[in-house]
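Peer 1: I'd like to ask some things about the structure below.
The values are calculated or read from the model by the stated rules, or taken from the named source; none is laboratory data. Here the structure is a predicted model, which is why all the values come from computation and not from measurement. Counting neighbours? That spans all protein chains shown, and the Cβs are built from the backbone with ideal geometry, glycine included. What goes into the accessible areas is simple: the full protein's heavy atoms, side chains included, and nothing from ligands, DNA or RNA. Shrake-Rupley method; radii C 1.70, N 1.55, O 1.52, S 1.80 Å.
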Amino acid sequence: MITVSATIILISVIIIGLIFALTNGLHDASSVVATFINCGAASPKQAIAVASFFGLVGAVIGGNLVADAISELIDLPTDTALLTVLFAAVFGATLWNLITWKLGLPSSSTHALVGGIIGAVMVSSGYEHILWGWAELVSEGHQITGIVKVMMALFLSPFIGFMIAFFLEKVTKFVLRNARVSINRKINKIQWLVVAGLSYSHGSNDTQKIIGLFTLALAAWSGTAIHTAPLWVRGSGGIVMFLGTLLGGWSIMKTLGRGIFDIKPLHSLNSQLSSVASIFGATLVGAPVSTTHVVVGGIMGVGAGDEYKMVNWGIVKEILVAWCITIPLSAVVSALIYTITTIIFKVI
């Protein structure tokens with residue numbers, strides 16, 4: 001068995017965590033700008049510039065509620081032993097993100113991270129050290145917390161996005177039924193503002209997940225509680241996540257922007273508005289959601305609202321399968337990584 005210091009494990013957690021943020025960018029930041037680009041409202045470089053800037057702003061000043069929700073999913077002592085658990089969790093999530101990115105599937109980075117946490121904690125300490133939230137839900141106070149809160153947010157947010165987008169598409173299609181084609185220019189200009197808001201919402205929600213994990217790791221390494229993530233943690237998470245868009249999110253952009261159905265400017269605007277409402281609402285209550293899920297729900301909503309037969313439901317089925325298998329498979333991968341790591345290394 002090889003002896004390594006806790007500092008080395010902490011550095012490894014941060015490095016792998018930043019890689020996870022990068023892969024998160026490949027998935028979710030790609031989702032933010034997919035329809036914006038594919039409907040012709042902006043060039044890829046313009047869209048990425050807007051998403052990067054406002055996503056970084058969201059990551060830095062977007063609050064701590066979602067980060068707190070992630071860090072409270074487990075009940076383990078904040079000592080050096082926790083570092084190995086966090087390493088396995090984020091490593092498993094990152095591997096799954098890379099696999100689904102390579103396949104061009106818009107899988108959920110949030111699902112992958114939650115699955116990674118569950119797998120690593122269960123194999124290291126047992127299921128009782130995970131805050132499932134079932135007991136709190138059925139108790140007298142009916143408190144929504146833990147894994148229950150995360151799962152409710154993950155599954156309800158795309159449905160809410162779908163319903164909002166469907167409604168918006170029906171209303172705007174009726175209101176603009178006699179509009180000229182030239183109105184698309186105005187719609188495209190409006191999209192710039194909406195994408196800025198969507199990027200901010202994404203940064204304030206998605207980036208906080210890895211920020212919460214980094215905060216736990218720093219607390220475990222130092223042995224003291226850390227209630228607010230340092231600015232360098234927020235900034236680095238936001239920057240790296242949106243660099244992911246530059247490095248290869250194009251296959252996912254193609255799936256979302258063209259694979260589900262042919263996106264027009266009005267479709268894009270309505271799907272973006274629904275996504276902003278769903279993600280921003282979730283952030284206000286500290287619920288971690290998947291930007292990819294929400295965006296897909298919005299795109300499906302506008303497609304169904306315009307013409308049901310326009311939607312490529314075969315692509316949607318593939319996406320749904322990826323959603324369903326992400327948590328269990330990433331949990332298994334993280335459990336294996338933890339087991340192998342503890343066999344080879346001893347943390348001091």
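Peer 1: Return the residues of the stretch 266-299 that are surrounded by 24 or more Cβ atoms within 10 Å (Cβ to Cβ) and over 16 Å from GLY203 (Cβ atoms); say none if nothing qualifies.
Peer 2: Once the filter is applied, which keeps residues that are surrounded by 24 or more Cβ atoms within 10 Å (Cβ to Cβ) and over 16 Å from GLY203 (Cβ atoms), the stretch 266-299 yields HIS267, SER268, LEU269, ASN270, SER271, SER274, HIS293, VAL296, GLY297, GLY298, ILE299.
Peer 1: With respect to THR215, is the statement that it is modelled with pLDDT of 85 or more, in a helix (DSSP H, G or I) and closer than 23 Å to THR110 by Cβ true? Give the steps one after another, and end with the answer.
Peer 2: Working: modelled with pLDDT of 85 or more: yes; in a helix (DSSP H, G or I): yes; closer than 23 Å to THR110 by Cβ: yes.
Considered against the rule, which asks whether it is modelled with pLDDT of 85 or more, in a helix (DSSP H, G or I) and closer than 23 Å to THR110 by Cβ, THR215 comes out as yes.
Peer 1: Which one is modelled with the lowest pLDDT among residues in the stretch 323-335 that are within 14 Å of LEU154 (Cα to Cα) and either outside any helix (DSSP H, G or I) or open to solvent by less than 50 Å² (accessible area, probe 1.4 Å) (or both)?
Peer 2: TRP323
Peer 1: Additional query: I need the helices (runs of 4 or more DSSP H) fully contained in the stretch 220-315, keeping only those with at least 3 residues that are under 16 Å from the mean Cα position of the chain (by Cα) and at pLDDT below 80.
Peer 2: Qualifying helices (runs of 4 or more DSSP H): 231-246.
Peer 1: Restricting attention to the stretch 82-137, which residues are of a type in the set (S, T, N, Q) and free of Cβ contacts under 8 Å to residues at least 60 places away in the same chain? Steps first, answer last, please.
Peer 2: The first filter runs over the stretch 82-137 and keeps only residues of a type in the set (S, T, N, Q), leaving 84, 94, 97, 100, 107-110, 124-125.
Residue satisfying the conditions is SER125 alone.
Peer 1: Can you find, within the stretch 311-322, the residue that is farthest from PHE91 (Cα to Cα) among those that are touching a residue at least 24 places away in the same chain (Cβ under 8 Å) and open to solvent by less than 70 Å² (accessible area, probe 1.4 Å)? Step through it out loud before you land on a result.
Peer 2: As a first pass, look at the stretch 311-322 and keep what is touching a residue at least 24 places away in the same chain (Cβ under 8 Å): 311-312, 315-316, 318-319, 322.
Right, trim to open to solvent by less than 70 Å² (accessible area, probe 1.4 Å) and you get 311-312, 315-316, 319, 322.
On the way: VAL311: 35, ASN312: 33, ILE315: 28, VAL316: 28, ILE319: 23, ALA322: 19 Å.
Only one residue fits best here, namely VAL311.
Peer 1: Report whether or not SER5 is at pLDDT 85 or above, out of contact with any strand residue (DSSP E or B) (no Cβ under 7 Å at 6 or more places or on another chain), open to solvent by 40 Å² or more (accessible area, probe 1.4 Å) and small (Gly, Ala, Ser). Before the answer, list the steps.
Peer 2: Details: at pLDDT 85 or above: yes; out of contact with any strand residue (DSSP E or B) (no Cβ under 7 Å at 6 or more places or on another chain): yes; open to solvent by 40 Å² or more (accessible area, probe 1.4 Å): yes; small (Gly, Ala, Ser): yes.
Spelling it out, SER5 is indeed at pLDDT 85 or above, out of contact with any strand residue (DSSP E or B) (no Cβ under 7 Å at 6 or more places or on another chain), open to solvent by 40 Å² or more (accessible area, probe 1.4 Å) and small (Gly, Ala, Ser).
Peer 1: Please report, ordered by residue number, the helices (runs of 4 or more DSSP H) entirely within the stretch 12-131 with at least 1 residues that are at pLDDT 80 or above and either open to solvent by 10 Å² or more (accessible area, probe 1.4 Å) or over 21 Å from GLY286 (Cβ atoms) (or both). Reasoning before the result, please.
Peer 2: Details: elements: 30-38, 44-61, 65-71, 80-103, 109-124.
In the stretch 12-131, 30-38, 44-61, 80-103, 109-124 are the helices (runs of 4 or more DSSP H) which contain 1 or more residues that are at pLDDT 80 or above and either open to solvent by 10 Å² or more (accessible area, probe 1.4 Å) or over 21 Å from GLY286 (Cβ atoms) (or both).
Peer 1: So is LEU320 closer than 30 Å to GLN208 by Cβ and modelled with pLDDT under 85 or not? It would help to see each step written out before you state the result.
Peer 2: Details: closer than 30 Å to GLN208 by Cβ: yes; modelled with pLDDT under 85: yes.
Judged against the criteria, LEU320 is a match.
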